[in-house]
Amino acid sequence: MKLPVKLILPALVLGASFVLKAEEHIVEVITDNEQGITSFKPKFLRVAQGDTVTWVNITDDLHNVITYPDGFPSGSTGFESPYFEKAGDSWSYTFEQKGTYQYHCIPHILMGMRGVVTVATPTPPNRFHKPSKDEIVAYRGKLLEFFDSEEFSIMPDAVRRNVKD
Ligand SMILES: [Cu+2]
């Protein structure tokens with residue numbers, strides 16, 4: 001059966017707008033004091049181009065999200081949120097550029113608090129980023145805001161030598 005054009009066109013337009021509608025995704029920012037861990041949930045998120053991700057702080061603890069210096073596709077600038085301090089604090093970012101975004105939380109970089117957002121098509125390396133010694137040293141100033149010298153002693157020697165005053 002052949003449908004009249006005037007019926008097909010509105011259906012196509014409606015269908016297209018439905019498919020292209022941007023979505024909002026929630027990532028929970030979690031401090032689990034019982035288990036002594038901090039994490040993003042989900043850690044790995046795949047979204048469509050143009051979608052928005054909102055990170056929501058679940059507990060009264062200090063967190064943020066920031067892409068690694070080389071942790072985002074070329075053509076993007078990466079992202080850096082303000083700090084979350086209390087439960088309910090949140091921050092959103094709309095992903096206009098396809099690719100893989102590797103991010104972490106500055107206060108908990110040494111605890112491995114990290115995540116990945118892949119937008120449409122992954123770009124390598126499409127995996128969790130483990131910070132190198134140089135990267136941790138690059139965050140020296142920001143890390144010193146959160147760690148006193150005693151806490152620095154839990155860091156690997158090679159890193160601590162480069163981070164301390
Ligand atoms: Cu954190």
Sort the range 21-130 into rounded, prolate or oblate with this rule: let a ≥ b ≥ c be the square roots of the eigenvalues of the Cα gyration tensor; rounded if a/c is under 1.5, and if a/c is not under 1.5, prolate when a/b is larger than b/c, oblate otherwise.
prolate
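On full extension of the chain, what length is gained from residue 33 through residue 92, given 0.36 nm per residue of separation minus the C-alpha to C-alpha distance? Spell out each step's value before the answer.
Values: separation 59, 0.36 × 59 = 21.24 nm, distance 2.53 nm.
Taking residue 33 through residue 92 to full extension adds about 18.7 nm, to one decimal.
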Between residue 60 and residue 41, with labels modelled 7 Å along Cα→Cβ, what's the label distance in nm to one decimal, could you check?
2.0 nm
Find how much the distance from residue 74 to residue 128 grows on full extension, using 0.36 nm per residue of separation minus their present alpha carbon separation; answer in nm with one decimal.
17.7 nm
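Coordinate-derived values only; no laboratory data. Bear in mind that the values here come from a model prediction, so they are computed numbers and not experimental data. Here the Cβ is made from the backbone with ideal geometry for all residues, glycine too, and neighbour counts use every protein chain on show.
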